Amino acid sequence: MRDLLPEQTPLWQWLEGEITRVIAAYGYQEIRLPLLETTELFKRSIGEVTDIVEKEMYTFDDRNGDSLTLRPEGTAGCVRAGIEHGLLHNQVQRLWYQGPMFRHERPQKGRYRQFHQIGVEAFGLAGPDVDVEQILMTRRIWRALGLGALELQINSLGTAEERGLYRAQLVDYLRAHEGALDDDSRRRLTTNPLRVLDSKNPALAGVIAAAPSLLDFLGADSRSHFEAVCAGLRAARVDFVINPRLVRGLDYYARTVFEWVTTELGAQGTVCAGGRYDGLVEQLGGRPTPAVGFAIGLERIAALLEAVGGREGLGAPHAYLVAFGPAAEAEALLLAERVRDRLPWLRLVMHCGGGGPKAQFKRADRSAAAYALVLGDTELARGVVGLKPLRGEGEQEEIRSDELAAVLAGRLRAN
């Protein structure tokens with residue numbers, strides 16, 4: 001688990017704001033969920049034989065002897081809340097949430113034991129149109145963030161019955177090649193054989209590539225749904241790759257699944273993933289309710305933005321106000337407040353703690369502000385403020401104090 005330091009948080013604030021702005025434009029509403037849930041919720045939803053439940057959850061008994069778990073993902077808690085508060089039965093709900101998730105994994109670049117997600121869930125909509133809409137939403141998010149070169153991979157997992165037929169064929173195939181499997185895949189062969197297809201071991205690439213395809217086991221309804229999703233994406237000019245080995249790591253998925261991946265982040269290339277989970281609400285005690293959703297990994301998006309560049313200067317002050325002399329120092333605090341009243345969006349740092357001109361200008365430059373505002377006793381007596389560019393060319397000029405806010409607005413918007 002790591003700290004996000006002040007030089008990192010402006011990027012996070014910006015990307016969170018851009019993502020949630022796009023989500024709101026599609027009519028989704030925020031729901032805020034607890035970090036702790038009963039352990040049983042995740043066992044019933046994610047699956048007891050998944051890596052998450054078997055090896056990665058932070059689970060403990062509270063003082064009452066109840067087993068609780070720090071949430072390893074957001075969908076289960078969102079469904080639990082929807083059932084508990086009567087939000088789902090015979091209703092359409094479009095919800096989103098954000099916050100930290102927790103998995104006890106081996107730390108590596110792009111993978112942390114506390115990580116952050118923004119999740120989107122739609123309930124009560126069974127058709128392929130909402131599957132397409134959510135993928136279009138993610139594409140719009142990448143555009144808002146200025147991200148290109150992301151590849152969309154999609155697949156269909158069919159229904160539980162169709163996966164059962166496929167599982168039997170897959171197990172027969174893998175047993176015939178058991179000598180080529182690694183220890184982890186042999187263990188999964190008896191617990192969750194579809195997860196073998198998601199192995200990152202390059203030595204298994206040939207065996208996995210030649211395995212039976214789940215798409216060949218889809219029934220008419222599942223095939224029609226998947227074809228409609230593909231047709232909708234083509235109509236919207238969304239490039240995609242059908243990846244029959246895409247199975248996702250959670251047991252509740254059915255039919256459509258998708259991932260957005262990048263080659264810029266090495267092994268941790270998935271930045272967004274999701275799909276349909278029509279059976280989960282009923283599985284957790286609610287009425288049968290179709291559902292589809294996705295989650296965006298903020299650590300990986302932040303790393304990708306840093307890799308491609310172009311977001312320097314986020315969060316830096318617009319201006320740094322330096323003041324010299326007792327009268328100017330007292331007036332500077334009031335001047336700063338008047339400017340903030342006029343320009344609520346302005347990031348204006350007021351120098352505090354005294355010091356000579358050289359020390360104050362050094363602090364102003366170190367702040368990365370675009371401008372220094374200079375107020376000495378002589379400027380105060382004449383009703384002016386010095387405006388000194390700190391980035392790029394330009395000489396210091398004098399601005400009337402009562403015109404300072406208007407001048408800053410024009411300069412900063414022009415820049």
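No lab work stands behind these numbers, since they all come straight from the coordinates. Model, not experiment: these values are computed from the prediction. Cβ placement follows ideal geometry from the backbone for every residue including glycine, while neighbour counts extend to all protein chains displayed.
From the phi of every residue in segment 137-149, what ³J(HN,Hα) in whole Hz does the Karplus formula 6.51 cos²θ - 1.76 cosθ + 1.60 yield, where θ is phi - 60° and glycine or proline is x?
The phi angles translate into 4, 5, 4, 5, 4, 4, 5, 5, 8, x, 9, x, 6 Hz.
As an exercise, identify the trypsin sites (Lys or Arg not before Pro) in segment 87-168 lying in DSSP coil whose Cβ has no more than 10 other Cβ atoms within 10 Å.
none
Starting from 0.36 nm per residue, how many nanometres of slack lie between Asp341 and Gln29 once their C-alpha separation is accounted for?
Working: separation 312, 0.36 × 312 = 112.32 nm, distance 3.10 nm.
Difference between extended and current length: 109.2 nm.
I want to check a number: in the chain, how many lysine pairs have alpha carbons closer than 28 Å, given a sequence separation of 8 or more or different chains? Kindly include the intermediate steps, with their values, before the conclusion.
On the way: Lys43/Lys55; Lys43/Lys109; Lys43/Lys200; Lys55/Lys109; Lys55/Lys200; Lys109/Lys200; Lys358/Lys388; Lys362/Lys388.
Step by step, the pairs that qualify in the chain add up to 8.
Filter the trypsin sites (Lys or Arg not before Pro) in segment 14-78 to those in DSSP coil with at most 15 other Cβ atoms within 10 Å of their Cβ, and list the result. The partial results should precede the final answer.
On the way: sites: Arg21, Arg32, Lys43, Arg44, Lys55, Arg63; in loops: Arg32, Arg63.
Loop-located and lightly packed - Arg32, Arg63.
Which value at 222 nm does the chain reach when only helices count, each DSSP H run of 4 or more adding -39,500 (n - 2.57), with the total divided by all residues and rounded to the nearest 500 deg cm²/dmol? Mind dumping the intermediate values first?
Numbers: 14 runs with 159 residues, N = 415.
Result for the chain, helices only: -11500 deg cm²/dmol.
Determine the dipole magnitude for the chain: charges of +1 sit on the beta-carbon of Lys and Arg, -1 on that of Asp and Glu, nothing else is charged, the reference point is the Cα centre, and the result goes in debye to the nearest 20. If you can, show how the numbers build up before the last one.
On the way: 50 positive and 55 negative charges, 81 e Å.
For the chain, the charge dipole is close to 380 debye.
According to a simple spin-label model (label point 7 Å from Cα along Cα-to-Cβ), what is the distance in nm between His89 and Asp172?
About 4.4 nm, to one decimal.
Determine ³J(HN,Hα), in whole Hz, for all residues of segment 93-104 in sequence, where each value follows from phi through the Karplus function 6.51 cos²θ - 1.76 cosθ + 1.60 and θ = phi - 60°; x replaces Gly and Pro.
10, 10, 10, 9, 8, 8, x, x, 10, 9, 9, 7
If you take the charge dipole of segment 103-252 about its Cα centre, with +1 on Lys and Arg Cβ and -1 on Asp and Glu Cβ, which of Val229, Gln114, Ala168 is farthest toward its positive end?
Looking along the dipole axis, the top candidate is Gln114.
Out of all DSSP beta bridges in segment 1-106, what portion is antiparallel? Express it as a percent rounded to 5.
Details: 6 of 8 bridges.
Restricted to segment 1-106, the bridges split so that about 75 percent are antiparallel.
Looking at the chain, what % of its DSSP beta bridges pair antiparallel, to the nearest 5? The partial results should precede the final answer.
Working: 48 of 61 bridges.
Rounded to the nearest five, the antiparallel share is 80 percent.
Determine one quarter of the surface area of the Cα convex hull of segment 224-335, which equals its mean projected area, and express it in nm² to one decimal. Numbers along the way, then the final one.
Values: hull surface 56.4 nm².
Computed as one quarter of the Cα hull surface, the answer is 14.1 nm².
Please rank Tyr277, Tyr112, fewest neighbouring Cβ atoms within 10 Å first, as an exposure proxy. Can you show the working numbers first?
Details: Tyr277 28, Tyr112 18.
Listing Tyr277, Tyr112 from fewest to most nearby Cβ atoms yields Tyr112, Tyr277.
If we count other beta carbons within 10 Å of each Cβ, what is the order of Glu54, Glu395, fewest first?
Glu395, Glu54
Give me the percent of DSSP beta bridges within segment 319-414 that run antiparallel, rounded to the nearest 5.
Details: 8 of 17 bridges.
Around 45 percent of the beta bridges assigned by DSSP in segment 319-414 are antiparallel ones.
I'd like the distance separating the alpha-carbon centroids of segment 92-128 and segment 343-415, in whole Å.
Value for the Cα centre distance between the two parts: 43 Å.
With N set to the number of residues, divide the alpha-carbon radius of gyration of segment 319-414 by 2.2 N^0.38 Å and report two decimals.
Numbers: Rg = 12.1 Å, N = 96, 2.2 N^0.38 = 12.5 Å.
Compactness ratio reported: 0.97.
Based on other C-beta atoms within 10 Å, arrange Thr262, Thr191, Thr256 from fewest to most. The partial results should precede the final answer.
Values: Thr262 22, Thr191 13, Thr256 27.
Result, fewest neighbours first: Thr191, Thr262, Thr256.
For Glu403 and Arg366 in the same chain, what is the full-extension length gain: residue separation times 0.36 nm, less their Cα-Cα distance, in nm? Walk me through the intermediate numbers first.
On the way: separation 37, 0.36 × 37 = 13.32 nm, distance 2.65 nm.
Extra length from Glu403 to Arg366 when fully extended: 10.7 nm.
Per the Kirkwood treatment, what hydrodynamic radius in Å, one decimal, follows for segment 99-202 from the mean inverse distance over all distinct Cα pairs?
17.6
Compute the semi-axes of the equivalent ellipsoid of the chain, taking the square root of 5 times each eigenvalue of the Cα gyration tensor, and list them largest first in whole Å. Could you put the intermediate results ahead of the total?
Values: eigenvalues 553, 95, 93 Å².
Result for the chain: semi-axes of 53, 22, 22 Å.
In nm, what is the difference between 0.36 nm times the number of residues separating Asn201 and Met1 and their Cα-Cα distance? Mind showing how you got there, number by number?
Details: separation 200, 0.36 × 200 = 72.00 nm, distance 2.59 nm.
Using 0.36 nm per residue and subtracting the Cα-Cα distance, I get 69.4 nm.
Are there GluC sites (Glu not before Pro) in segment 301-390 that DSSP puts in a loop and that have at most 15 other Cβ atoms within 10 Å, and which ones? Don't jump to the answer; show the numbers that get you there.
Details: sites: Glu306, Glu312, Glu329, Glu331, Glu337, Glu379; in loops: Glu312.
When the GluC sites (Glu not before Pro) of segment 301-390 are filtered for loop state and at most 15 Cβ neighbours within 10 Å, Glu312 remain.
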